[in-house]
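Structure record follows, encoded as structure tokens.
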Amino acid sequence: MADTPERQVIAPTAAETSPENPWPLQLLSQKLKSHIEKAPPAWVEAQVIELNKRANVSYLTLRDIDAEVSLSVTVWGSVLSRLEAPLEQGSRVVAQLKPDFWLKTGRLSMQGQDIRPVGLGDLLARIEQLRQALAAEGLFDPRRKKPLPLLPHRIGLITGRNSDAMKDVIRNASLRWPAVEFEVREVAVQGVNAVTAVIGALRELDADPRIDVIVIARGGGSLEDLLAFSHESLVRAVAAAHTPIVSAIGHEADRPLLDEVADLRASTPTDAAKRIVPDVGEELRRVDQARSQLNRRIQGLLDRETERLLYLRSRPVLANPMLMFTTKYDEVTSSRGRMRTAVRTQVGRHFDQLRHLRAQVRALSPQKTLDRGYAVVQLEDGAIVRDPEQAPARTLLRVRVAGGDITAVSTEGTAAPRTDDSSAKPFVSNTTSAKDSV
């Protein structure tokens, strides 16, 4: 009996396989199918970009809302029959997907176990929830908003390719201010690429130092068409921009979150053009009005100053300038005359007082007494003799009279009796005459 080859032991895991001990292809497919079937179903949000309906099955292609990611999904007719309205291409849906691996062909597919359209109410609720969250962060605070320049020289414009919004902004702005210049970025403003494209154009224009203001403009549309302008990434990019941003999305009733964070909200693209540049005709009228007011004020000032000059010239001091000097000269002359008179009067009065005082002094002087016949008797040492006892007999005396001095010798004498008469003379007649003394 011939020897049978030993049967190889199959590797338990893929890591243990080798060229000498490979797995059968069937085993790999079975393990993949087993592993994939363990994955639980997941709810995802996407947009239907392709829809092919067959007898009892439909083949969908779903694309991510924000990224270039797509998946093919198979949906049975029983799932679509539960929808209140037929599913259409471009609809935004929430689907429950379960991965499925076909063993024979090795193809991975996604089975749609449930699918639900995202209604306007759901979208509005999500936008409102995001609005409240961003407002709580302060992104919508009016104090963060930057003022627009009075006269921008170059305007950055982000809009759709060859769109009416672009034409409205450029045409109306150029009509109002012909010298304005635009830096246009035509990007997708709807669909899965809109958010990325608008953010890229915004950052490019914001980095350009020549751009004074940036306008993001789009025409009207449904809520789904304008969802890109309520995306959180775009709102935060606008909040972080250094250049003033003007939002001109849709019509007056449309209020995407971009309107809340922008520095200025315009109701329409046409309104944005009117608010970012002044009207040259209106500005020229204002210049003319200002010039007229300035001329009136200057003319009024000149008229008032002319009247003041005429009034000043009519005053006597200017009409006859010498009158002031003449008046002052007369006043000075009069004052000088009065001063001289007063001085002469005072000098005369004081001269009379001095003369009177001199007369009084002279009347009280010893010489006057001598002139009236009195004499002063002195001893040799000059002492005045007031008592006879001071000059005993044969005492040498000097007698002073009005005309001069006389030398005499005393003889015996007697003291004169004292009286209470206050008018008695202070001199004593106890002298000898000059003849006796000789």
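The values are calculated or read from the model by the stated rules, or taken from the named source; none is laboratory data. Fair warning: this is a prediction, and the values are worked out from it, not measured in the lab. Please note: Cβ atoms are built from the backbone with ideal geometry, for glycine as well, and neighbour counts cover all protein chains shown.
Within region 159-179, the set of residues being more than 14 Å from A273 (Cβ to Cβ) and under 35 Å from the mean Cα position of the chain (by Cα) comprises just one member, A179.
Taking every residue in region 374-390 that is surrounded by fewer than 13 Cβ atoms within 10 Å (Cβ to Cβ) and pairing it with any residue that is outside any loop (DSSP other than H, G, I, E, B), at least 6 positions away or on another chain, the pairs with Cβ-Cβ distances below 6 Å are E380/L396. Checking the stated criteria, S247 turns out not to satisfy the condition of being surrounded by fewer than 20 Cβ atoms within 10 Å (Cβ to Cβ) and either free of Cβ contacts under 8 Å to residues at least 24 places away in the same chain or closer than 24 Å to F140 by Cβ (or both). For region 324-339, state whether one or more residues are part of a helix (DSSP H, G or I), at pLDDT below 90 and among the aliphatic types (A, V, I, L, M). Yes, some residue in region 324-339 is part of a helix (DSSP H, G or I), at pLDDT below 90 and among the aliphatic types (A, V, I, L, M).
At pLDDT 90 or above, more than 19 Å from S163 (Cβ to Cβ) and assigned by TED's automatic domain parsing to the domain that holds D141, is that true of L257? In short, yes. Exactly one residue among I127, I158 is in contact with a helix residue (DSSP H, G or I) (Cβ under 6 Å, 6 or more places away or on another chain) and at pLDDT below 85, and that residue is I127.
Just to verify a result, which residue in region 90-127, among those that are more than 56 Å from the chain's Cα centre (by Cα) and exposed (fewer than 12 other Cβ atoms within 10 Å of the Cβ), is farthest from A228 (Cα to Cα)? The qualifying residue farthest from A228 (Cα to Cα) is K104.
Selection within region 146-169: residues that are in a loop (DSSP other than H, G, I, E, B) and either aliphatic (A, V, I, L, M) or outside the structural domain of F229 (by TED's automatic domain parsing) (or both). The member of this set that is surrounded by the fewest Cβ atoms within 10 Å (Cβ to Cβ) is L150. The set of residues from region 245-279 being out of contact with any strand residue (DSSP E or B) (no Cβ under 9 Å at 6 or more places or on another chain), under 15 Å from I170 (Cα atoms) and in a helix (DSSP H, G or I) comprises just one member, K274. Checked against (1) closer than 21 Å to E224 by Cβ; (2) in a helix (DSSP H, G or I); (3) out of contact with any helix residue (DSSP H, G or I) (no Cβ under 9 Å at 6 or more places or on another chain), A136 passes all but condition (1). Scan region 132-145 for residues that are within 14 Å of P244 (Cβ to Cβ) and surrounded by 14 or more Cβ atoms within 10 Å (Cβ to Cβ) and the total you get is 1. Beta carbons closer than 9 Å, at least 6 apart along the sequence or on distinct chains, never pair a first residue in region 326-341 that is more than 21 Å from P316 (Cβ to Cβ) with a second that is of a type outside the set (S, T, N, Q) and surrounded by 10 or more Cβ atoms within 10 Å (Cβ to Cβ).
Looking only at region 358-395, residues that are farther than 14 Å from S410 by Cα, out of contact with any strand residue (DSSP E or B) (no Cβ under 7 Å at 6 or more places or on another chain) and not basic (K, R) come to 15 in all. The residues on offer are L312, L364, L370, and the sole one that is modelled with pLDDT under 85 and either touching a helix residue (DSSP H, G or I) at 6+ places or on another chain (Cβ under 7 Å) or of a type in the set (G, A, S) (or both) is L312.
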